[in-house]
Amino acid sequence: MRPQYSRRKLLQLALKAGAASCLVPFINPTNYMDFITAKATLIKRAIPGTGELLPVMGLGTWQTFDVGPSPVSRADVKEVLRLFAELGGKLIDSSPMYGRSEEVVGDLSVDLKLQKKLFMATKVWTQGEQNGIKQMETSMQEMQARPLDLIQIHNLVDWRIHLKTLRRWKEEQRIRYLGITHYLASAFDDLERIIKTEPVDFVQLNYNIVTRQAANRLLPLAAEKKVAVIVNRPFESGALFSSVKGKPLPAWASEFDCQSWGQFFLKYILGHPAITCVIPATAKPKHLTDNMQAGYGRLPDEATRKKMKEFIQKLS
């Protein structure tokens, strides 16, 4: 008879087991004993400029961590953050644009004693040098992280001005990395020009199984320039789930350790070698656990990714 453990204890034991994720069977998120049996760890990729390893599964906070101050209001996202860290996640991404999200991330990371375990990323989203400095100082205070691991220029707002500040802050070790972001393919030409001409550590962009323009020029360019890539909008703002509602996964999804549509869409993204991290946002622990499984086990190769794309196109 198997010994009885709490879910928390099983996860702790699993994370200490530490075998290479690409060599182990898929982990069923509803059976936590499988973590011990499989001895899996979350896949990690290097930040190209430094070699620092980051788990490929990150966590976004847009529309999910903007909650009130009461314990009841924060209960679900607190559990999401706890599970995220226990399952091996590090990079959590926020912005002043996301309401209370920075404050909530900071408070919960302190409550859960995760400050030294998380990779804290946020953004600057304002016009003018002094406004930018004030906003970034506020972000540091709210996220309770000094230095912040990464500050990105949100949607390229006044990017030339903020890039100067961020370079200075990086030299002063107030931040560890700097980056640029956008969430629309229409901004890709601007992102491309900046990556070609400016030294940036990260670019955050939208990329998924139906919005694939980034793969044409931006992803190869990021790899060439040694820029880490964070992917936002992995589910096309939820539209991908609508397109497959009520439809079964193809049987061949098991070939790359996939057991849900969420994992299908995330593994498609992670199958591209230029992707450093993907940041689906959720306030539901169940969805967080399912999403995280995309970072375990096998990933699809290029031929399989083509097959995945064609399969989704036929469903549309």
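The values are calculated or read from the model by the stated rules, or taken from the named source; none is laboratory data. Since this is a predicted model, take the numbers as computed values, not measurements. As a convention, Cβ positions derive from the backbone with ideal geometry for all residues, glycine included, and neighbour counts pool all protein chains shown. Ligands, DNA and RNA are stripped out before the accessible areas are found, and what is left, the full protein with its side chains, is counted by its heavy atoms. Shrake-Rupley method; radii C 1.70, N 1.55, O 1.52, S 1.80 Å.
Condition first: at pLDDT 95 or above, in a loop (DSSP other than H, G, I, E, B) and in contact with a Ser or Thr (Cβ under 8 Å, 6 or more places away or on another chain). Can you find one or more residues in the range 7-18 that meet it? Looking for residues that are at pLDDT 95 or above, in a loop (DSSP other than H, G, I, E, B) and in contact with a Ser or Thr (Cβ under 8 Å, 6 or more places away or on another chain), one finds none in the range 7-18, hence no. Out of all the residues in the range 296-306, which are part of a helix (DSSP H, G or I), touching a helix residue (DSSP H, G or I) at 6+ places or on another chain (Cβ under 7 Å) and either under 16 Å from residue 58 (Cα atoms) or open to solvent by 10 Å² or more (accessible area, probe 1.4 Å) (or both)? 304, the sole residue that qualifies. In the range 99-155, of all residues being among the β-branched types (Val, Ile, Thr) and not in a helix (DSSP H, G or I), the one that is nearest to the chain's Cα centre (by Cα) corresponds to 122.
The set of residues from the range 214-255 being part of a helix (DSSP H, G or I), among the hydrophobic types (A, V, I, L, M, F, W, C), under 16 Å from residue 305 (Cβ atoms) and over 20 Å from the mean Cα position of the chain (by Cα) comprises 252, 253. Counting the residues of the range 256-268 that are crowded, with 23+ Cβ neighbours inside 10 Å and assigned to a helix (DSSP H, G or I) gives 5.
Screening the range 19-70 for residues that are modelled with pLDDT of 95 or more and among the polar types (S, T, N, Q) and picking the one that is least open to solvent (accessible area, probe 1.4 Å) gives 61. Under the condition of being in a helix (DSSP H, G or I) and of a type in the set (Ser, Thr, Tyr), which residue from the range 156-199 is nearest to residue 47 (Cα to Cα)? Only one residue fits best here, namely 197. Looking at the range 76-92, which of its residues are open to solvent by 50 Å² or more (accessible area, probe 1.4 Å) and in a helix (DSSP H, G or I)? Correct list: 76, 78. Just one of the listed residues (165, 138) is under 28 Å from residue 112 (Cβ atoms), hydroxyl-bearing (Ser, Thr, Tyr) and modelled with pLDDT of 95 or more, namely 138. Within the range 192-220, the only residue that satisfies the criterion of being touching a residue at least 40 places away in the same chain (Cβ under 8 Å) and among the basic types (Lys, Arg) is 212.
Figure legend. Inter-residue proximity from the range 254-277: first residues farther than 19 Å from residue 40 by Cα, second residues acidic (Asp, Glu), beta-carbon distance below 9 Å, spacing 6+ or different chains. Indicated pairs: 262/290; 265/236; 272/302. Quick one: would you say residue 117 is touching a residue at least 24 places away in the same chain (Cβ under 8 Å) and touching a strand residue (DSSP E or B) at 6+ places or on another chain (Cβ under 6 Å)? The answer is no for residue 117.
Of the residues making up the range 93-105, just one is open to solvent by less than 10 Å² (accessible area, probe 1.4 Å) and touching a His at 6+ places or on another chain (Cβ under 8 Å), namely 95. The condition (being in contact (Cβ under 8 Å) with a residue 60 or more places away in the chain, open to solvent by 20 Å² or more (accessible area, probe 1.4 Å) and out of contact with any helix residue (DSSP H, G or I) (no Cβ under 6 Å at 6 or more places or on another chain)) is satisfied by just one residue among 245, 164, 170, 226: 226. Of everything in the range 193-210 that is farther than 25 Å from residue 120 by Cβ and surrounded by fewer than 17 Cβ atoms within 10 Å (Cβ to Cβ), the residue that is farthest from the chain's Cα centre (by Cα) is 197. Could you check, for the range 271-285, whether at least one of its residues is at pLDDT below 95, part of a loop (DSSP other than H, G, I, E, B) and small (Gly, Ala, Ser)? Within the range 271-285, not a single residue is at pLDDT below 95, part of a loop (DSSP other than H, G, I, E, B) and small (Gly, Ala, Ser). Restricting 112, 156, 150 to residues that are within 26 Å of residue 78 (Cβ to Cβ), touching a Leu at 6+ places or on another chain (Cβ under 9 Å) and surrounded by fewer than 20 Cβ atoms within 10 Å (Cβ to Cβ) narrows the list to 112.
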